[in-house]
Amino acid sequence: MSNNAKHIAGFDIGGTKCAVTLAAANGGELPRIIGKTKFQTVKNAPYTVLETLLKELDGLLSGNSLKYSDLSGIGISCGGPLSSEWGIILSPPNLPGWDNIEICSFFRRRTGIGCQLHNDANACAVAEWKYGAGKGLTDMAFLTFGTGLGAGLILDGRLRRGINDMAGEIGHVRLAPDGPVGYGKAGSAEGFCSGGGIRQLGIRAMREYGSESPLYKACGGDEEKLDAKLIAELACRGDTVCLGIYDKCAEMLGRAISILCDVLDLQAVIIGGIYMRSAGLLREKLTKTLDGEALNPCRVLAAGLGESVGDYAALSVAEID
């Protein structure tokens, strides 16, 4: 491969694992990934993680006969709070000890390459807009729908960050007076529409229906073994309690999306994570709720980049103007 080719690198930083991706830029089309590595995030050791990211990038570059000078940019996707303007990570709850980490300046000093930082939901929004299900749209939202419910906005053909990089965070909006807790708020959209929220609904149901319920038997009564995936599996087998949990999740997701539609008048909402894997359990109730709640319901689409959206999210950050 020619060293004159333009390449980009992406760092996807999570509370459990990190990924480093190297790709050949493709003239505005989907970058061609030529290397990727993953490693476990070391707790309470931000600079250990930064050094490991750099070491892994060095290995990918060397393996492809490339140097730092062959990179046109480095993109970083990370959970917030953070400042994309200053390139600083500001104490994310899933990254204890990461307090005011000037991550972009760190990598600029060590590599001499331009570096940009965005929160993971915004990064995914850009990736889906540029390369995925949102390609060709001017006004859309992306919802992470994983462990939590993050959101990113593309409005008038540009990423809308907000003054604190928190524009569009529908997960914090309270949808009911009570309910599962998300964003530290009972009854929030994240409480109902996230892996953590679905698990909370499952625990409530298991305690209510007791040891004879399929939910209890499936995890042996151990709440630690209960997660959204197990509840989805039981729902797909026809368990009425688990179907009810996903129905409630779908209803609240429809309400949350209707708020985004009414406030922002979007063309589409694109959803990753659990929606990609469980759309069959969610789509009908979500659509019915959205049609009944929104003035002008938008399309709801699964992430076009699938399980690779996180990789392309970090790479997309490297290419943001």
For this session: Would you mind telling me which numbered condition in (1) farther than 19 Å from Ser308 by Cβ; (2) at pLDDT 95 or above Leu22 fails?
Result: (1)
Exercise. Just one of the numbered conditions (1) of a type outside the set (D, E, K, R); (2) loosely packed, with under 15 Cβ neighbours inside 10 Å; (3) under 22 Å from the mean Cα position of the chain (by Cα) is not true of Cys115; which one?
Worked result: (2)
Problem set entry | Flag if Ala228 is modelled with pLDDT under 95, of a type in the set (A, V, I, L, M, F, W, C) and either under 30 Å from Ser213 (Cα atoms) or touching a His at 6+ places or on another chain (Cβ under 9 Å) (or both) | yes
Problem set entry | Selection within region 232-264 - within 21 Å of the chain's Cα centre (by Cα), farther than 12 Å from Cys193 by Cβ and free of Cβ contacts under 8 Å to residues at least 40 places away in the same chain | Ser258, Cys261
Exercise. Can we say Thr138 is touching a helix residue (DSSP H, G or I) at 6+ places or on another chain (Cβ under 6 Å), part of a loop (DSSP other than H, G, I, E, B) and surrounded by fewer than 24 Cβ atoms within 10 Å (Cβ to Cβ)?
Worked result: no
For this session: Can you confirm whether region 188-197 contains a residue that is polar (S, T, N, Q) and touching a residue at least 24 places away in the same chain (Cβ under 8 Å)?
Result: yes
For this session: Could you list all residues from region 201-231 that are surrounded by 20 or more Cβ atoms within 10 Å (Cβ to Cβ) and under 18 Å from Tyr275 (Cα atoms)?
Result: Leu201, Gly202, Ala228, Ile231
Exercise. Is it true that Lys43 is in contact with a Pro (Cβ under 7 Å, 6 or more places away or on another chain), among the charged types (D, E, K, R) and either surrounded by 21 or more Cβ atoms within 10 Å (Cβ to Cβ) or within 30 Å of Gly182 (Cβ to Cβ) (or both)?
Worked result: yes
Seminar exercise, completed: Within region 95-112, the residues that are crowded, with 18+ Cβ neighbours inside 10 Å and either more than 26 Å from Leu153 (Cβ to Cβ) or of a type in the set (Val, Ile, Thr) (or both) are Ile101, Ile103, Phe106, Phe107, Thr111
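The values are calculated or read from the model by the stated rules, or taken from the named source; none is laboratory data. None of the values given here were measured: they were computed from a predicted structure. Cβ sites come from the backbone with ideal geometry, for glycine too, and all protein chains shown count toward neighbours.
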